[in-house]
Amino acid sequence: MTKEIKCDKNYINNKLQSIVNDDLISFHMPGHKKGRLYDKLGYENLVKNLYKMDTTEIIETDNLHAPEGIIKDSQERASKVFKSEKSYYLVNGSTCGIQAAILSTCAPGEKILVNRDCHQSAINAFILGDINPVYIKGSICEDTYTIKGVNEQDVIDAIDNNSDIKVLMLTYPSYYGMTFDLEKICTYAHEKGIVVIVDEAHGAHLGLSDKLPKSALEQGADIVIQSVHKTLPSFTQSSIIHVQGELVDKKNLERFLKIVQSSSPSYVMMSSLEIAIDIYDRYGKELMQELLSNIDDFEKDLSKIDGVRILKGHDATKVFVSLKDIGINGYDLEEILRYKHNIQVELSNYYGVLLICTIGNEKSDFDKFLCAIKSIVEDLNIDENNNLDKSEDNVKKLMKLNYPDLIPQKIISPREAFYGNKRSVALKESVGKISGEYIIPYPPGISLTSPGEVITQEVIDYILTCKEYGMNVSGLKDSSLEIIEIIEK
Ligand SMILES: Cc1ncc(COP(=O)(O)O)c(C=O)c1O
């Protein structure tokens, strides 16, 4: 007899079950979109049994840290599908792949060239390994404050100005699907014997269509880390790291993968990676073609609605939608979509919302989003209480902000700053001091000041203005932005 188990309390399971029951439309990760792809493509029985298949290293189940059997074969298939020389499954997300890649290529005290808007996991690796980042400025889209990524020439100049550099790490594509000429950079770096690591957390799906930007492996990167769970149908936290070329010491990378990953790697996650790769291989291209055509129609219809702006990523599966021209900021838009229309987007910033569209999305999802936007715009027009003019004023003021894109002077390394003695001072009195904290306004989510760097007047003025306009500034322990920790000399 099957008995229905009910969770009475508002704990994790209860909430997740209600989201499943509510049929929430997903424009966020993970890429399987609430398991829909497994049902659609006939993997449902396999997935339903995963809880029974949760095991550990026993006879015949192999070992992720020394694979010789089923895991070795599965990884070899992944490597063939993604056209790498060797691929390794990751059960601690791309976070651990990025860390293993950095720690295995840079010795303590060495430098690494890296884009300023790199992921936090990279900075944590600099702290762990006592590595000195030399940052390359990225650019942002002034209209939406979304990250565009680095400029090729800036990277080449940085290589020329740092002759002792042995490793370059770049994020490609950006969260918002923006790309750059990575091939040119790889070719230049390789001429100098520099290893190129690419954080392709947001680009595991790029190989599925010629209409998408070229993948990092295709453009010659040596180590590539992909969050399969973000844009392909695998479970959250399951990722993959690929290697190719002569410059990478695979044994050393494997040594660090053992350090940063669990000694009890999840078979559920490894299994879901294998399913995602099977779907990629068998159905991926066809599903991607369908998706790109749905997105194309969707964007055409959306752009016909007055007041709607779309920022297209080079990767068309990332769609940024803004209603700022009609006075609705992104934070409000995310909430209206969720609570009035049962649609969840990936993220919002002051200017709009980002949709992550994957091969798990169907035409009906886009139709529902379109209906929701039409209804939001109509509601706004008939709502007499809505102070549109005021909102528009605010938006205009925000657009005039001068983004401080100068990278501050670094006095001590991230590791020294992390372990250094700190004391709290009033934010306004911190100018010229060495920061003990991060200052990361959102949007666009790039660190303006990192631990060990000098705090500038320009940055303080900027974040106080951000605060005034309700933008989020993270990194500081004091969220009221009155106090900051500085390094005691
Ligand atoms: C650019 C980038 N790199 C790496 C990561 C970490 O990936 P994961 O969540 O798979 O650990 C993220 C996570 O959002 C990211 O945005």
Q.
5 Å is the cut-off here: which amide hydrogens, built 1.01 Å from N in the peptide plane, fall below it relative to residue 202, excluding neighbours closer than 5 in sequence?
A. 227
Q: Order these peptides, 34-46, 347-359, by their mean beta-carbon neighbour count within 10 angstrom, highest first.
A: 347-359, 34-46
Q. Near residue 454, within a Cβ-to-Cβ distance under 12 Å, what is the net charge of the other residues, with Lys and Arg +1 and Asp and Glu -1?
A. 0
Q) Where does the charge balance sit around residue 80 when Lys and Arg score +1, Asp and Glu -1, over other residues with C-beta under 14 Å from its C-beta? A) -1
Q. Ignoring ligands, DNA and RNA, what percent of the 1.4 Å accessible area of the chain is carbon and sulfur?
A. 48 percent
(Q) Given Cβ point charges of +1 (Lys, Arg) and -1 (Asp, Glu) and nothing else, what value in debye, to the nearest 20, does the dipole of the chain about its Cα centre take? (A) 740 debye
**Q.** Under 16 Å from the Cα of residue 477 - lysines, other chains or at least 8 residues apart
**A.** 422, 428, 467
Q: Keeping all protein chains in place, calculate the accessible area per residue for the chain (probe 1.4 angstrom), answer in Å².
A: 46 Å²
Q) Under a straight-distance cross-link criterion of Cα-Cα below 21 Å, which lysines are reachable from residue 184, leaving out those fewer than 8 residues away in the same chain? A) 83, 137, 148, 166, 192, 211, 214
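The values are calculated or read from the model by the stated rules, or taken from the named source; none is laboratory data. Please read all numbers here as calculations on a predicted model, not as lab measurements. Virtual Cβ from ideal backbone geometry, glycine too; neighbours counted across all protein chains shown. These area figures cover heavy atoms from the full protein model, side chains too; ligands, DNA and RNA do not enter into them. Shrake-Rupley method; radii C 1.70, N 1.55, O 1.52, S 1.80 Å.
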